[in-house]
Amino acid sequence: MDFDYQSFLDEEGHADYLREQYEEELRIQIVEDFIEERRLSYYEENPEVLTSSVRILNEANVLLNQSPTASLLLSSTAIETAIKAGILKPIIYGLIHSDATADIVSDATIEQKSFNRLKKLMFKLLADLSSIDMETFQRSGSNKSLWNEWKNVQHSRNKIAHEAKEYDIEEARYALSVAQGVLWELIPTVLSSLSLSIDYNGNIY
């Protein structure tokens, strides 16, 4: 039987291609596993990272009838701090090997004046790491994306801060519902990808 050198080369080339594909997939999996381990360790080392956001949310609820405008302001604060401290910072922390560098970069990132600049980054990372599509994620009882609802609350918050605008109880109740959606629906979904949960005081376990 004649030896077909060209077929041999073709088979070797195909084997090399398959091996390279396997090595690339393995590399990606190792990187993803590393990021997940870093995120998990962040939550484990900082289980109270969301307790302040929950406290602010509870205060917003208490003030709902007494001062709707103040309640709306606190609901907005609860949303922003929860997203930054409970979602964005752990993701950035997971992307960086050095603990010290991770702290510096994550703190600098979440302190940006315009948090909207981080939209594309956060959406991409959440989709990759937690399979959450922030473009479409909705809280219970709403037909709008939670992100767009937060934008509405942000707009109202800015009106308070810059124009001393007052809001009624219905508008404050809407902001409170959005904040509850972030803390009790979005964040638990993110944490569940790491087999973690959050209690009603904001402790992660």
Among the residues of the range 189-204, which ones are farther than 20 Å from A78 by Cα and among the hydroxyl-bearing types (S, T, Y)? S192, S193, S195
Would you pick out the residues in the range 125-137 that are in contact with a Ser or Thr (Cβ under 8 Å, 6 or more places away or on another chain) and part of a loop (DSSP other than H, G, I, E, B)? S131, I132, M134, E135, T136, F137
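For (1) of a type in the set (A, V, I, L, M); (2) modelled with pLDDT under 85, each residue gets a yes or a no:
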site	(1), (2)
S67	no, no
S76	no, no
A85	yes, no
L88	yes, yes
L95	yes, yes
A102	yes, yes
S106	no, yes
Q112	no, yes
What are the residue pairs meeting all of these: first residue in the range 185-196, first residue within 15 Å of D133 (Cβ to Cβ) and open to solvent by 20 Å² or more (accessible area, probe 1.4 Å), second residue at pLDDT 90 or above and among the hydroxyl-bearing types (S, T, Y), Cβ atoms under 9 Å, and 6 or more apart or on different chains? E185/S140
Criterion first (at pLDDT 90 or above, touching a Phe, Trp or Tyr at 6+ places or on another chain (Cβ under 6 Å), assigned to a helix (DSSP H, G or I) and not polar (S, T, N, Q)) does L72 satisfy it? yes
Run down V31, V62, V54, V49 and say which single residue is surrounded by fewer than 15 Cβ atoms within 10 Å (Cβ to Cβ) and at pLDDT 60 or above. V62
Residue count for the range 119-131, restricted to those that are over 14 Å from I83 (Cα atoms) and surrounded by 16 or more Cβ atoms within 10 Å (Cβ to Cβ): 2
On the given criteria, is K165 free of Cβ contacts under 8 Å to residues at least 24 places away in the same chain and open to solvent by 20 Å² or more (accessible area, probe 1.4 Å)? no
Which of the residues that make up the range 86-104 are assigned to a helix (DSSP H, G or I) and either in contact with a Pro (Cβ under 7 Å, 6 or more places away or on another chain) or surrounded by fewer than 18 Cβ atoms within 10 Å (Cβ to Cβ) (or both)? L95, D99, A100, T101, D103, I104
Among (1) in a loop (DSSP other than H, G, I, E, B); (2) closer than 21 Å to V54 by Cα; (3) out of contact with any Gly (no Cβ under 9 Å at 6 or more places or on another chain); (4) open to solvent by 30 Å² or more (accessible area, probe 1.4 Å) - the single one S140 does not satisfy: (3)
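The values are calculated or read from the model by the stated rules, or taken from the named source; none is laboratory data. In this text the structure is predicted, and so the values were computed from the model without any measurement. Every residue, glycine as well, gets a Cβ built from its backbone with ideal geometry; the counts of neighbours run over all protein chains shown. Protein only, heavy atoms only, side chains kept; ligands, DNA and RNA dropped before computing areas. Shrake-Rupley method; radii C 1.70, N 1.55, O 1.52, S 1.80 Å.
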